[in-house]
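One structure below.
The values are calculated or read from the model by the stated rules, or taken from the named source; none is laboratory data. Keep in mind that what you see is a predicted model, and the values were worked out from it rather than measured. In this analysis, Cβ positions are derived from the backbone assuming ideal geometry, glycine residues included, and neighbour counts consider all displayed protein chains.
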Amino acid sequence: MVIRRREVLAGLLATGGIVIWGGMSQTAHAYDVTITPTSPQLGDTISVIVQASRGNSVPPTVTANGKEYPSFPLANNRFRAFVPTSPLDPPGRLVIQVSGQEETRNLAVGVRDRSFRTQWITLRGSGSLGTDHEFDRVDAFKQLVSPDRHWNGPLLRPSQGRVSSEYGVQRYYNGEFAEGYYHRGVDYAAATGSPVVAPAAGYIRLVGRVSEGFELHGNTVGIDHGQGLLSIMIHLSRIDVSEGDFVQAGQRIGAIGSTGASTGPHLHWGLYMNEVAVDPVPWRFDGFE
Ligand SMILES: [Zn+2]
């Protein structure tokens with residue numbers, strides 16, 4: 001009798017079914033999933049923390065919108081993946097699938113719409129559209145995902161300059177909406193030569209200079225903070241680091257300038273998670289462990 005009841009229970013657990021035991025009813029899940037923020041808006045980074053059962057040390061697979069996001073161990077069979085969102089995503093229901101050895105779970109989160117500021121730009125003549133060299137190098141940098149995490153908690157402000165343009169601004173060029181464009185970072189305006197510091201620790205994985213063809217980005221530094229989180233700093237007047245260096249949070253990496261396609265001295269800081277430029281604000285003020 002006892003053996004048979006155990007077999008039934010094991011069978012139900014394996015299929016993720018409803019366990020009815022002694023008149024009580026509960027849904028049993030092998031994966032306990034916590035999604036934050038609970039009510040994200042476009043541009044937010046969604047953290048998916050998965051608590052697996054004891055003894056399961058295999059990272060689960062996290063999928064959203066048909067794209068798979070890497071998960072990394074936190075501690076005690078806990079894993080985390082980050083799902084980025086951007087102004088280009090449709091607002092509304094987003095299904096996040098967590099699957100692994102033990103089960104597959106589908107969790108829905110409602111992504112709130114958000115209005116972004118709009119700029120009307122009049123273009124006269126043709127500015128530099130950039131070089132293949134710089135796009136190849138920047139694209140390769142944006143794809144980096146390395147296993148070690150070098151941040152903990154809120155990121156630092158990379159410049160003491162005032163914010164001159166926030167994340168997500170949309171544009172019309174000569175009256176025509178720029179489809180696919182959004183401001184992929186935050187701009188800080190300050191005098192040429194003002195310090196630019198690393199918002200978090202990490203490895204310098206990109207150094208590009210105007211003299212090598214960085215016509216659009218200008219002098220550029222890219223930092224790999226680990227687990228898919230990257231910073232790119234562009235339009236610098238000076239670069240104080242080399243590729244391969246490890247920098248600490250707050251360490252000076254260069255100085256504000258107006259190199260590349262820039263109308264005045266400012267830092268453009270782009271924060272990327274899993275190849276998508278996300279809003280740095282939640283990372284700066286709330287942070288993720
Ligand atoms: Zn910018």
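Quick rundown of the values:
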{"read-out": "Close pairs from the stretch 185-206: first at positive phi, partner acidic (Asp, Glu) and not in a loop (DSSP other than H, G, I, E, B), Cβ under 9 Å, at least 6 apart", "value": "Gly202/Asp224"}
{"read-out": "Single residue of the stretch 20-37 satisfying the filter (modelled with pLDDT under 95 and assigned to a loop (DSSP other than H, G, I, E, B)) that is nearest to the chain's Cα centre (by Cα)", "value": "Tyr31"}
{"read-out": "Pro154 vs. criteria modelled with pLDDT of 95 or more, within 29 Å of Ser47 (Cα to Cα) and surrounded by 12 or more Cβ atoms within 10 Å (Cβ to Cβ)", "value": "yes"}
{"read-out": "Verdict on His268 being touching a residue at least 60 places away in the same chain (Cβ under 8 Å), buried (at least 21 other Cβ atoms within 10 Å of the Cβ) and within 16 Å of the ligand (Cβ to nearest atom)", "value": "yes"}
{"read-out": "Whichever residue in the stretch 174-185 is within 16 Å of the ligand (Cβ to nearest atom) and aromatic (Phe, Trp, Tyr) and, among such residues, is nearest to the chain's Cα centre (by Cα)", "value": "Tyr182"}
{"read-out": "Qualifying residue in the stretch 142-149 (condition: in a strand (DSSP E or B), out of contact with any helix residue (DSSP H, G or I) (no Cβ under 6 Å at 6 or more places or on another chain), under 16 Å from Phe246 (Cα atoms) and more than 16 Å from the ligand (Cβ to nearest atom))", "value": "no"}
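Here's the yes/no breakdown for (1) more than 16 Å from the ligand (Cβ to nearest atom); (2) assigned to a loop (DSSP other than H, G, I, E, B); (3) outside the structural domain of Gly43 (by TED's automatic domain parsing):
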{"position": "Asp187", "(1), (2), (3)": "no, no, yes"}
{"position": "Ala191", "(1), (2), (3)": "yes, yes, yes"}
{"position": "His217", "(1), (2), (3)": "no, yes, yes"}
{"position": "Val241", "(1), (2), (3)": "yes, yes, yes"}
{"position": "Gly244", "(1), (2), (3)": "yes, yes, yes"}
{"position": "Ile253", "(1), (2), (3)": "yes, no, yes"}
